[in-house]
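Bear in mind that the values in this text are calculations on the coordinates, not laboratory data. Bear in mind that the values here come from a model prediction, so they are computed numbers and not experimental data. Neighbour counts are summed over all protein chains in view; Cβ atoms, including those assigned to glycine, are modelled from backbone coordinates with ideal geometry.
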Amino acid sequence: MKIYNQLLNTIKEKGAAYLILLDPDKLSENKLTGFLKHCEKSGVDGFLIGGSLMVNGELESFIKKVKTNTTLPSIIFPGSITQVSAFADAILFLSVVSGRNPEQLIGKHVLAAPLIKKSGIEPIPTAYILVESGSTTTAVYMSGSLPVPRNKPEIAAATALASEYLGMKLIYLEAGSGADNTVPNEMIKAVSSQCSIPIVVGGGIRNPQTAREKVKSGASIIVTGNFFEDENNWTLIKDFASAVHIKQSILI
């Protein structure tokens, strides 16, 4: 089964899907095996792998280790065209539609497309909408793109609808890694009211209650990342999964 269809089935069965972002630069390989096993038994639905910068981490060996230790889907979340590997299951083919930087809209994609085709992994066309979060995030800085103002949900909604009409399969509302503020619930509601494709929401989500708020507002996929770089927070993974899987559980 294709990974995109698997995500759709998870959303249908559980109400929403829960993915955890693994940054090879931030999660050491000696902790990786234990973390993956904990995620799998806690109800996580899959992993995004990648980062805006790759300074120390080695993507391919990292993905190999992930695939060795879990049966959950491994989806590349690329920060550059070098982040392509045949060992992953799929890749988010991201276009930064919130900005007007042509390199992030189509330029880098022309270079990456032959690499993805050669790898044989599944590309998932994804409209990437950066949202103002209270600080300049790595994604905003590296993409050279202005984020959508957080008090302008209508801009995000119109951008998302245009992306769906262009054939995108996912809308990704991104506040950014370690964001001061999450994507506003009003913006998620505005986007979900206009679009029929799944909405991914990530950035700054630090507790299960916030994750459930995003799902209730219309998010179909929740992504958390650097919150679990602190091993002390691992015990909350099951609570996050239960909060996101709104059809299967009640958040206490």
> On full extension of the chain, what length is gained from residue 146 through residue 209, given 0.36 nm per residue of separation minus the C-alpha to C-alpha distance?
Replying inline: 19.8 nm
>> Using the basic label-point model (7 angstrom from Cα toward the beta carbon), what is the residue 29 to residue 230 distance in nanometres?
In response: 2.8
> How would you rank 228-234, 43-49, highest first, on the average number of other Cβ atoms within 10 Å across their residues?
Replying inline: 43-49, 228-234
> When N is the residue count of segment 106-244, what does its C-alpha Rg come to as a fraction of 2.2 N^0.38 Å?
Replying inline: 1.08
> Mind ordering 240-247, 192-199, 114-121, 21-28 by average Cβ neighbours within 10 Å, highest first?
Replying inline: 240-247, 21-28, 192-199, 114-121
>> Applying a 10 Å radius around every beta-carbon, put 181-187, 59-65 in order of their mean neighbour count, most first.
In response: 181-187, 59-65
>> What number results when the radius of gyration of the chain, computed over Cα atoms, is divided by 2.2 N^0.38 Å?
In response: 0.92
> Points 7 angstrom from Cα along the Cβ direction at residue 117 and residue 181: gap in nanometres?
Replying inline: 4.3
>> A 28 angstrom limit on the alpha carbon distance is what I want to check against. Which of 64/214; 65/214; 108/169; 67/238; 41/108 exceed it?
In response: 64/214; 65/214; 41/108
> Mind checking the log10 I(q)/I(0) for segment 111-187 at q = 0.16, 0.22 Å⁻¹? Debye, one equal scatterer per Cα, no solvent, two decimals.
Replying inline: -0.66, -1.01
>> Using a Förster radius of 45 Å, what is the FRET efficiency between residue 105 and residue 41 based on their Cβ-Cβ separation? Nearest 0.05, please.
In response: 0.65
